[in-house]
1. Examine the stretch 201-210 for a residue that is surrounded by 19 or more Cβ atoms within 10 Å (Cβ to Cβ) and not β-branched (Val, Ile, Thr), and state whether such a residue exists.
2. Filter the stretch 320-364 down to the residues that are farther than 27 Å from Ala107 by Cβ, not hydroxyl-bearing (Ser, Thr, Tyr) and not in a helix (DSSP H, G or I), then identify the one that is farthest from the chain's Cα centre (by Cα).
3. Among the residues in the stretch 183-193, are any polar (S, T, N, Q) and either in a helix (DSSP H, G or I) or surrounded by 20 or more Cβ atoms within 10 Å (Cβ to Cβ) (or both)?
4. Where the second residue is at pLDDT 70 or above and in a loop (DSSP other than H, G, I, E, B) and the first is surrounded by 13 or more Cβ atoms within 10 Å (Cβ to Cβ) and of a type in the set (Lys, Arg) and lies in the stretch 140-162, which pairs have Cβ atoms under 6 Å and are six or more apart or on separate chains?
5. Please specify each residue of the stretch 318-334 satisfying the condition of being among the hydrophobic types (A, V, I, L, M, F, W, C) and modelled with pLDDT under 80.
6. Where the second residue is basic (Lys, Arg) and crowded, with 23+ Cβ neighbours inside 10 Å and the first is touching a residue at least 12 places away in the same chain (Cβ under 8 Å) and within 15 Å of Ile47 (Cβ to Cβ) and lies in the stretch 316-342, which pairs have Cβ atoms under 8 Å and are six or more apart or on separate chains?
7. Among the residues of the stretch 1-40 satisfying the criterion of being more than 25 Å from the chain's Cα centre (by Cα) and of a type in the set (D, E, K, R), which is nearest to Tyr95 (Cα to Cα)?
8. Taking Leu144, is it among the hydrophobic types (A, V, I, L, M, F, W, C) and either part of a helix (DSSP H, G or I) or at pLDDT 85 or above (or both)?
Amino acid sequence: MSSNLFRTKNVEESIRDTEEPQHALRKTLSALDLTVFGVGVIIGTGIFVLTGKVAKENAGPAVSLAFVVAGVVCALAAICYAEFASTVPVAGSAYTFSYASLGELPAWTIGWDLVLEFALGTAVVAVGWSGYIRSLLDNAGWHLPDTLGGRDGAHGFGFDILAAGLVLVLTGILVLGMKLSARVTTLVVAIKVAVVLIVIIAGAFFITGSNYKPFVPKSESVSAGGSLKAPLIQLMFGWAPSNFGVMGIFTAASVVFFAFIGFDIVATAAEETRNPQRDMPRGILGSLFVCTALYVAVSIVVTGMQHYSKLSVDAPLADAFKATGHPWYAGVISFGAAVGLTSVCMILLLGQTRVFFAMSRDGLLPRFFSIVHPRFRTPHRPTILLGVIIAILAGFTSLSELAELVNIGTLFAFIVVAIGVIVLRRTRPDLPRAFRTPWVPFLPVVSVLATLWLMVNLPAETWLRFAVWMVIGFAVYFLYGRGHSRLNRPAREEAARPEA
């Protein structure tokens, strides 16, 4: 039984599956498209909110260094993703990589995990987008009825019609084709980056040098907590991270890291890339570099415009412009955030449907969902199914408390991919690798340790919810996936063959 649980699907077989007419995706994406996807999903409201919040509560002006530290941790994982995505250019990202290196059960585990993470991420982002749009509508004098504004603040029935509508529109775009999705994303990302650059350039004129003093504020200890809302490391060892000082930079890095989450979704589009061996590493690493540079620039501007101790928590960048006598920029920031969340939502939905599609093609989920549209060559069945489910979820549910589940799932995927690089180097040294992770196994091991550090800083209740979802996943695998896996075909054919 254990040999079945850890049976691997070799790379050649995975690539052959992508050539089956009914299950083949259209290859239309370039390195630029992939970079745009990466930037589109990484840059969301975090760049406008998280920078100031962390500066005030954790690191002061040194928050810019925290973004550099978080960017380095992400780069370690990104390099591992780049090797796998260029070597195994198949839809599914960490799921497919795990199947080729660690085996079926680990692959199922990470696939099941990613389906939940991307679903929750899409719903949470859609609800956030709805909030920005309602705010802009209110400013224009248009008000939605309370019953259509979402669950928060609703008395009795409440449905977020804007969030649900956004998900359904994006679902339709994804069904119509990857190239259309890429064009829409390119337009949205261009607007979003333009707004960020306007904020950086305009804010640079309002910087006061004295606001950077002290650049690294004096360290402040944090008392350890005992509730499930406390970080896991506190409950395990009674250790609490400190704010400010040198250690405060690393505490801040564990917070701002989550502003980077999304570059791994680029790997889910490997199968739809024209030249994945060349373009996947460029797209993954390029998007991460661009976003790190923008995050650092924004953090330098916001802490220079207003002293870190006076920054607001809810809208620090917008309020910093108000404090300098330029409230007009607050509207620009709200517009940029609303536009930006559109691309985040689309790419999260894209990533989820590709993972679901890959699991279906392997038989771990019903094969019905792995048949592509005869004209658009997209996995329309899982896209429509998941789009409708997420639209309902976003419309009826307040998901703020579940948002951290997105983070722990992504971090778990980082660890699996880093370990997978080491394993596949040993089991398949003969594979042609257009991009090679340097210093194996040292660099992947460092990536695993850095990622584990960030994971243990998440609240214990996040770990508990994650464990519950994993238990449900194991039940589905043993009741359905294990028996229907395509790797079971030789055994079934042997059992069905009549004796001589």
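The values are calculated or read from the model by the stated rules, or taken from the named source; none is laboratory data. Model, not experiment: these values are computed from the prediction. Here the Cβ is made from the backbone with ideal geometry for all residues, glycine too, and neighbour counts use every protein chain on show.
1. Our first condition is that a residue be surrounded by 19 or more Cβ atoms within 10 Å (Cβ to Cβ); within the stretch 201-210, this holds for 203.
If we keep only those that are not β-branched (Val, Ile, Thr) too, we end up with 203.
Taking every residue of the stretch 201-210 in turn, at least one turns out to be surrounded by 19 or more Cβ atoms within 10 Å (Cβ to Cβ) and not β-branched (Val, Ile, Thr).
2. Residues of the stretch 320-364 farther than 27 Å from Ala107 by Cβ: 320-343.
Checking which are not hydroxyl-bearing (Ser, Thr, Tyr) leaves us with 320-323, 325-328, 330-333, 335-341.
This time we only want the ones that are not in a helix (DSSP H, G or I), so: 325-327.
Numbers: Gly325: 36, His326: 33, Pro327: 32 Å.
Per the stated criteria, the residue is Gly325.
3. Yes, the stretch 183-193 contains a residue that is polar (S, T, N, Q) and either in a helix (DSSP H, G or I) or surrounded by 20 or more Cβ atoms within 10 Å (Cβ to Cβ) (or both).
4. Correct list of pairs: Arg151/Gly158.
5. Quick first cut of the stretch 318-334, residues among the hydrophobic types (A, V, I, L, M, F, W, C) only: 318, 320-321, 323, 328, 330, 332-333.
Correct list: Ala318, Ala330.
6. Hits for this filter: Gly336/Lys192; Val339/Lys192; Gly340/Lys192.
7. Lys9
8. Numbers: among the hydrophobic types (A, V, I, L, M, F, W, C): yes; either part of a helix (DSSP H, G or I) or at pLDDT 85 or above (or both): no.
No: the conditions fail for Leu144.
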